[in-house]
Amino acid sequence: MSDNRQSLSDLKALTEAPKPAPEPEAETPPETAEAEAAGPADAVPTAEPEAEAPPPPPPVETMPLREQELDKQGRAYATGRRKDAVARVWIKPGSGQVTVNGRDQLAYFARPTLRLVINQPFDIADRRGAYDVTCTVKGGGLSGQAGAVKHGISQALTKFEPALRATVKAAGFLTRDSRVVERKKYGRAKARKSFQFSKR
């Protein structure tokens, strides 16, 4: 019975064995060598026909603009709503005067934040001072009324200039804000508030 085990010295001799020499690269034919030496500038053009230019892409169809909606006096009308307030708004080209229920906006909306709210549609569309606004508003408080006037101005502005619809819509001014006060629940002081808890 022969012993197939190898000693450590035999293993060391195997690992230190010389590596085989790399094979010589195959010689390239003389025609190929000359073509490579000539470079890409002098390369012989291939017989393949040139690819035709791709056809122009079809025109992208955009949504058609809506028609301008004006009344006999040349005004655009829209209705705006917010909370319990409802505003009827008319706009026409002018100097930027805003009249609310027959009073100037400075007198009706005394808080600067409320006046900022109703002028947001003109600011986003870069039309500040370009239109006169006449509106009547009822219901709700001043904050809700300002939001209703803003909603009505946004709607009327897109009816007077349909090209501004994308800008005003992207800002979210055409969407009616559906947030309203939550109803009171029985057994609670308000919608969520509980009465004071008494342990005894």
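The values are calculated or read from the model by the stated rules, or taken from the named source; none is laboratory data. Source: prediction; values computed, not measured. Here the Cβ is made from the backbone with ideal geometry for all residues, glycine too, and neighbour counts use every protein chain on show. These accessible areas exclude ligands, DNA and RNA; they are computed on the full protein's heavy atoms, side chains included. Shrake-Rupley method; radii C 1.70, N 1.55, O 1.52, S 1.80 Å.
Using each residue's phi in segment 103-108, evaluate 6.51 cos²θ - 1.76 cosθ + 1.60 at θ = phi - 60° and report the 3J(HN,Hα) Karplus result to the nearest Hz, with x for Gly and Pro. So the J values, rounded to whole Hz, are 10, 5, 4, 5, 7, 7. In a DSSP loop and with at most 10 other Cβ atoms within 10 Å, the chymotrypsin sites (Phe, Trp or Tyr not before Pro) in segment 98-200 are TYR186, PHE195, PHE197. Per-residue packing, averaged as other Cβ atoms within 10 Å, sorts the ranges 164-172, 77-85 into the order 77-85, 164-172, beginning with the highest. For the set GLU161, GLU69, the ranking by accessible area, highest first and with no ligand, DNA or RNA atoms included, is GLU69, GLU161 under a 1.4 Å probe.
The value given for segment 48-172 is a Kirkwood hydrodynamic radius of 15.9 Å, derived from the mean inverse Cα-Cα separation. Compared with the direct C-alpha span, the chain from PHE195 to ARG115 gains 25.0 nm at full extension, assuming 0.36 nm per residue.
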